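The values are calculated or read from the model by the stated rules, or taken from the named source; none is laboratory data. Please read all numbers here as calculations on a predicted model, not as lab measurements. FYI the Cβ positions are ideal-geometry reconstructions off the backbone, even for glycines, and counts take in every protein chain you see.
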Amino acid sequence: MWLIILGYGVIGGIGLGIGYISPVSTLMKWFPDRPGMATGFAIMGFGGGALIASPWSSQLMKWFGADRHGLATTFLVMGVVYAVFMTMGIVLVRLPAPQWEPPVVRSAGPKTPHAAGPDRTANEAIKTPQFWLLWVVLCFNVTAGIGILERAAPIYRDYFPRAASPTALTAAAAGFVAMLSLANSWGRIIWSSASDAAGRKNMYRVYLGLGALLYLVLIVAQNASKPLFLAVCIVLLSFYGAGFATVPAYLRDLFGYLEVGAIHGRLLTAWSTAGVLGPVIVNAIADNRIAAGIVGPDRYRWSFAIMVALLLIALVCNELIRTPRPPNSVATVSDTRTATAATSREGVR
Amino acid sequence: MSDRRGTFLAIVSSLWVGVPFLYGVYQLLVKVPALFGN
């Protein structure tokens, strides 16, 4: 047991974090004119890992058995394959030279690419209000998305319980979960890429403001229209994925490239918090409503109302975010690519 | 590392990751029609 906790839990968890953050910060440096697109691809790839690992690990357990020996062999095979993949990453992934700029046709890109913010260290960044405002934004945006994702199949069954057979209902609920997974995945690329043109702050206005409105639609419309319900859930889940795909580029706009990976790592504590907060809100309230004998969409009315409130709080926090002024001491370590404070103010819209 | 070797590695690794990834996407896509079947 201790080997599972230490190896898979602690060491595997640390590896997961390093594997998540390193390509994100590296890709932003390769695509300084399109950091949102770069992070969108990287973070969609992270989510795509589940598409591969989940069926693959199930298949391995079928081959080797689900007993103690079979599970140990499954872990061993997965460890060896992951080692090969990560080694390949070491061979392929490179940081660009300090003065490097992409040799792309810039006419195809945004006319006014958003400049990076003044360079800040991680310790300096976490002392700014901007960091903590963004922490709340990310935490509540993720909480709102997990609220649906965590309980997707039961939500679908409660909203649309009529089906030709119990099997058909189970298949439809599985289809709903699959559809949300796809929306979550593609939202990461589409909306994060759009942030390069529209600006990070504006995109979060959409994720949070429109997200709150869509939750209201779920509360008011209930199960009156299945197409409307599906469309609303698709957009909400695309905003969930987009929220954490866009945030590294937002950090780069605020705190520059200097330690953007380390700052991103600290910001991801918001995601961990949301991972607990979202399911607790939805499950606790839904279980309470079920115990009270309430059926159908009314089981989720209060959960969704709380999500609306959280999204509105996050929207206010997003409005309060301003690009920090570069301290004199930091100016000495800024490289020539770093924009001035004046241009970076324009960058965060 | 030469450019040719780098390109070769990039193509191989893209296929190595891309094929199972697309299979995973396909597995999700085939479940979606059941949503509209009742």
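Okay, here's what the table says:
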read-out: First in the range A:273-299 and under 17 Å from A:ILE146 (Cα atoms), second anywhere and at pLDDT below 90 and assigned to a loop (DSSP other than H, G, I, E, B), Cβ under 8 Å, 6 or more apart; value: A:GLY278/A:GLU150; A:PRO279/A:GLU150; A:PRO279/A:ARG151; A:VAL282/A:GLU150; A:VAL282/A:ARG151; A:ASN283/A:GLU150; A:ASN283/A:ARG151; A:ALA286/A:ARG151
read-out: Number of positions in the range B:1-15 that are more than 8 Å from every other protein chain (Cβ to nearest Cβ) and assigned to a helix (DSSP H, G or I); value: 9
read-out: Any hit, the range A:236-245, residues being modelled with pLDDT of 90 or more and touching a Pro at 6+ places or on another chain (Cβ under 8 Å); value: no
read-out: Residue match in the range A:148-158 (condition: over 13 Å from A:TYR300 (Cβ atoms) and of a type outside the set (A, V, I, L, M)); value: no
read-out: Index of the failed condition, A:ARG157 passing every other in (1) charged (D, E, K, R); (2) out of contact with any Gly (no Cβ under 8 Å at 6 or more places or on another chain); (3) more than 14 Å from chain B (Cβ to nearest Cβ); value: (3)
read-out: Neighbours by Cβ (under 8 Å, 6+ apart or cross-chain): first from the range B:21-32, within 7 Å of another protein chain (Cβ to nearest Cβ); second of a type in the set (Val, Ile, Thr); value: B:PHE21/A:ILE52; B:GLY24/A:ILE52; B:LYS31/A:VAL177
read-out: Considering residues of the range A:60-95 that are of a type in the set (D, E, K, R) and not in a loop (DSSP other than H, G, I, E, B) only, the residue farthest from the other protein chains (Cβ to nearest Cβ); value: A:ARG68
read-out: In the range A:178-205, residue surrounded by the most Cβ atoms within 10 Å (Cβ to Cβ) [restricted to those that are more than 8 Å from chain B (Cβ to nearest Cβ), farther than 20 Å from A:GLN130 by Cβ and among the aliphatic types (A, V, I, L, M)]; value: A:LEU180
